[in-house]
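Below: one structure, written as structure tokens.
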Amino acid sequence: MVDLKRSGAILDAGTVDTWTGGRSFTRRNLAWRLAWRAAWLVLAAWTPPPARAWRRRVLRAFGAELAEGANVYGSARIWNPRNLRMGPHATLGPRVNCYNMDAISLGARALVSQGAHLCAGSHDIDSPVFQLVTRPITIEAEAWIAAEAFVGPGVRVGEGAVLGARAVAFRNLDAWTVYSGNPAVPLRQRRRRGAA
């Protein structure tokens, strides 16, 4: 995975003055992401759902680490494939916005449903220059981020946790717990049928 902070891709907002339209990223980073977007649009965005193996190849060619069986729908938006890691049978569903300015990892069989937003970056609201900051997101095995939910920077979604539709998580979610609301609050433990 590429560490944008260490690589120098994120610019010092005090130097570039983002308040007056200065860039947050280097020209090299912007050019690379433009090439990535064009490639995804031409090679993968239009593909039907069963073409998951082809989309994995395209993502891997741009640096994503995807296990066999990982599935990214063509309508998903991945900001930087080099910051994406997915375990076996993990899924980024239709229209997911994977805004991975920092690492985003999905464990085995983790599911991010349609229209959900994973956002690994924000701004330091106490900084006089509104500096861009990033923190990784981890979604552990068998967790489910339901339709149109939002997961913020630095959040760890525990194994088997559920973030309900349109819920918002800015704090870590405990394993095997169901959450709902804005901000997300725990509702109950997730019970697996057939489990001892």
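Within the range 96-130, which residues are more than 26 Å from Gly69 (Cβ to Cβ) and among the hydrophobic types (A, V, I, L, M, F, W, C)?
Met101, Ile125, Val129, Phe130, listed by residue number.
Arg77 passes all but one of (1) under 18 Å from Met101 (Cα atoms); (2) touching a helix residue (DSSP H, G or I) at 6+ places or on another chain (Cβ under 8 Å); (3) not polar (S, T, N, Q); which number fails?
For Arg77, the failing item is (2).
Within the range 80-88, is even one residue in contact (Cβ under 8 Å) with a residue 60 or more places away in the chain, part of a loop (DSSP other than H, G, I, E, B), on the phi < 0 side of the Ramachandran plot and not acidic (Asp, Glu)?
Within the range 80-88 (the criterion being in contact (Cβ under 8 Å) with a residue 60 or more places away in the chain, part of a loop (DSSP other than H, G, I, E, B), on the phi < 0 side of the Ramachandran plot and not acidic (Asp, Glu)), the answer is yes, since at least one residue qualifies.
Name, by its number, the condition in (1) outside any strand (DSSP E or B); (2) at pLDDT below 95 that does not hold for Gly160.
For Gly160, the exception is condition (2).
Do the conditions hold for Asp102, that is, is it part of a loop (DSSP other than H, G, I, E, B), of a type in the set (Asp, Glu) and surrounded by fewer than 18 Cβ atoms within 10 Å (Cβ to Cβ)?
Working: part of a loop (DSSP other than H, G, I, E, B): yes; of a type in the set (Asp, Glu): yes; surrounded by fewer than 18 Cβ atoms within 10 Å (Cβ to Cβ): no.
Criteria not met by Asp102.
Quickly run through the range 109-130 and pick out the residues that are of a type in the set (A, V, I, L, M, F, W, C) and either surrounded by fewer than 16 Cβ atoms within 10 Å (Cβ to Cβ) or in a loop (DSSP other than H, G, I, E, B) (or both).
Across the range 109-130, the qualifying residues are Ala110, Ala116, Ala120, Ile125, Val129, Phe130.
Collect the residues in the range 97-119 that are of a type in the set (A, V, I, L, M) and without any contact (Cβ under 8 Å) to a residue 24 or more places away in the chain, keeping them in residue-number order.
Start the filter on the range 97-119 by keeping residues that are of a type in the set (A, V, I, L, M), which leaves 101, 103-104, 106, 108, 110-112, 116, 118.
Matches in the range 97-119: none.
Pairs only if they're at least six apart or on different chains, beta carbon under 7 angstrom, first in the range 127-138 and touching a residue at least 60 places away in the same chain (Cβ under 8 Å) and hydroxyl-bearing (Ser, Thr, Tyr), second part of a loop (DSSP other than H, G, I, E, B) and buried (at least 19 other Cβ atoms within 10 Å of the Cβ); list them, first residue then second.
As it stands, the answer is Thr134/Met101; Thr134/Asp102; Thr134/Ala120, since those pairs meet every condition given.
The values are calculated or read from the model by the stated rules, or taken from the named source; none is laboratory data. Keep in mind that this is a model prediction, so the values were computed, not measured. As a convention, Cβ positions derive from the backbone with ideal geometry for all residues, glycine included, and neighbour counts pool all protein chains shown.
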